[in-house]
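The values are calculated or read from the model by the stated rules, or taken from the named source; none is laboratory data. Predicted model, so just to flag it, every value in this text is computed and none were measured. Positions of Cβ are generated from backbone atoms using ideal geometry, with glycine treated the same way; all protein chains shown enter the neighbour counts. Note: accessible area is taken over every heavy atom of the protein model, side chains too, but ligands, DNA and RNA are not part of it. Shrake-Rupley method; radii C 1.70, N 1.55, O 1.52, S 1.80 Å.
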Amino acid sequence: MDVVVKKSKIEGKGVFAARDFKKGEVVIKWNLLHQLTKDEAKKLSEKEKKYLAHIDGKIIVQQSPAKYVNESCNPNTHVKNFCDVALRNIKKGEEITSDFSSNLGPGETMKCNCGSKNCRKIIIGK
Ligand SMILES: [Zn+2]
């Protein structure tokens, strides 16, 4: 197993490395089976919208474990080809984090609780 889902210090549940990852390695491959149209996405509650990723013209309903990845202003992964890819070496036990500004719909906002020195507090979709 590559990752485990458990309680996070950042918010709710989080995803943690179950082994060491090298920079550039795929940490989580997204499940792309659940996609929505723009109209379908609009009907969702704020809580449900939290688990949407807007990327490359697709709206993806994130599944576990990808849906439990927390936002960080100092992330250790980024999104590439619908995968969370390590931005640096990640040690077993570290929480997997990502910058969500590229996943949010244009103009959408979310709060960030990452606790980094450079935390933006409010993340705005690009
Ligand atoms: Zn932050």
Sorted peptide list for 61-74, 1-14, criterion being average Cβ within 10 angstrom, highest first: 61-74, 1-14
Cα-projected label distance for ASP56 with MET110, points at 7 Å along beta-carbon direction, nm: 2.0 nm
Share of Cα-Cα pairs in the chain lying beyond 24 Å, as whole percent: 22 percent
Residue-span extension gain [ASP20 to GLU40] - 0.36 nm each, minus C-alpha spacing: 3.4 nm
Mean separation of Cα contacts under 8 Å, 6 or more apart, over the residue count of the stretch 1-82: relative contact order %: 31 percent
Positive-end residue, the chain charge dipole about Cα centroid, Cβ charges, pick of CYS119, VAL4, GLY14: CYS119
Heavy atoms of HIS54 accessible to a 1.4 Å probe, total area in Å² rounded to 10: 40 Å²
Residue pairs, from the table LYS22/LYS121; LYS22/LYS111; LYS22/LYS43; LYS58/LYS121; LYS22/LYS42, whose Cα atoms sit over 32 Å apart: LYS22/LYS43; LYS22/LYS42
Phi-based couplings in Hz for the stretch 79-87 (Karplus 6.51, -1.76, 1.60; Gly and Pro marked x): 8, 9, 6, 6, 9, 8, 10, 5, 7
Those residues of the stretch 20-43 whose amide nitrogen sits under 19 Å from the label point placed on LYS80, 7 Å along Cα→Cβ: 20-31
